[in-house]
Every structure is written in structure tokens, then in C-alpha cells.
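The values are calculated or read from the model by the stated rules, or taken from the named source; none is laboratory data. None of these values were measured; they are calculated from a predicted model. A quick note on method: Cβ atoms are made from the backbone with ideal geometry, for glycine too, and the neighbour counts reach across all protein chains shown.
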Amino acid sequence: MGDAGDEQFMQRAIELSLHAAVCGDGIPFAAVIVQDGQIIGEGWNRTIVDHDPSAHGEVVAIRNTCRKLKTRDLTGCDIYTSCEPCTMCAALIAFTGIERIFFGTTLEAIIPHFDLDLTGLCRDLHLPIWERHLPAKQLMAVEAYKAVNDTFPKKDEEQ
């Protein structure tokens, strides 16, 4: 896809981000999922209307696309997002197999709009869980492992 197509997809993400803010669904962030030069899914931030702090534009776009295609695998797709993905969204993008990220503004540029230290949060998440700012305590490790290990589909059984 050339620059003109890339800009068209980014323009759509920006339009959707404005929609999120104007309609009151969430704050102004949005994303579109593109495969073979066609938009196959889109979403905007719905954190306010859904009372869901995880309903970021990228998350909503990925949820909508996966439901539409009845898959969890978005290999071969690109995501165009109005802002650089946060750590949560970047992890989700990686889990789905999306191959390229195109973004508008940076997290650094929008930090003044938040009461949260996004830079410190990202650094914190790279530490072992025991060393992070938010206290964590492991409980019932053996039982939890057994529940996952005994019921999780084996690689050759996954659909």
C-alpha cells in the first residue's frame, strides 16, 4: 500500500477518533484494521459509554474485526491508529498477529492530557511482577497451574 492509501486509512482513524469525542462514547482515539488494501474493521474509544477502561480504540477495532471474521488471528492485517498504542494495546496487537502498526500522534505528545504517568507505567511493566509499583502476591500457584495445564488446548488441538 502506498502513501496515499496509508494516509486514507489514517484519515479514517482520525475521523473516528473525533467521533468518539463528539458522541461522548470515549476519548478521541480510534483505529482501523486493513487487509489487502481494504478496511475490514474499525473501532473508537468506548471507555466512557461502556464503563470499560479497556475499551481503547485499538481494542474495540480488534474485537469488532475478530467477531466479524470469526477468528482470533489477524495475520496479514495492518492497524492504523490515531495515537501510538499504549502498552495494553500493543500487547493485544502482537497477540493477534497484526503485522504493521501505523500511528498518528505519539504517547509522549498526549501525556499532558492524563493524570497517569504513562512512561513510568511502561517501565514498571517491564519489571518482574514482584518489583512493580502495584503490590502483587501469588496465591494457590499449584492449583492455578493445574487448572490451566489440564484444560488448556494443546497446540495440535487448537482451532
Residue among ASP52, ASP115, ASP124 that alone is of a type in the set (Asp, Glu) and part of a helix (DSSP H, G or I):
ASP124
Among (1) more than 18 Å from the chain's Cα centre (by Cα); (2) surrounded by 13 or more Cβ atoms within 10 Å (Cβ to Cβ), there is one condition ILE79 misses while meeting the rest; what is its number?
(1)
Yes or no: segment 26-42 includes at least one residue that is out of contact with any Lys or Arg (no Cβ under 8 Å at 6 or more places or on another chain), surrounded by fewer than 16 Cβ atoms within 10 Å (Cβ to Cβ) and over 18 Å from ARG100 (Cβ atoms).
no
Residues satisfying the stated conditions in segment 1-49, i.e. touching a residue at least 60 places away in the same chain (Cβ under 8 Å) and in a strand (DSSP E or B)
ILE33
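Could you count how many residues in segment 95-112 are part of a strand (DSSP E or B), without any contact (Cβ under 8 Å) to a residue 40 or more places away in the chain and under 18 Å from SER17 (Cα atoms)?
3
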What number goes with the only condition from (1) exposed (fewer than 12 other Cβ atoms within 10 Å of the Cβ); (2) more than 30 Å from ASP3 (Cα to Cα); (3) at pLDDT below 95 that GLU108 does not pass?
(2)
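Scan segment 56-66 and give yes if some residue there is assigned to a loop (DSSP other than H, G, I, E, B) and modelled with pLDDT under 95, otherwise no.
No, every residue in segment 56-66 fails to be assigned to a loop (DSSP other than H, G, I, E, B) and modelled with pLDDT under 95.
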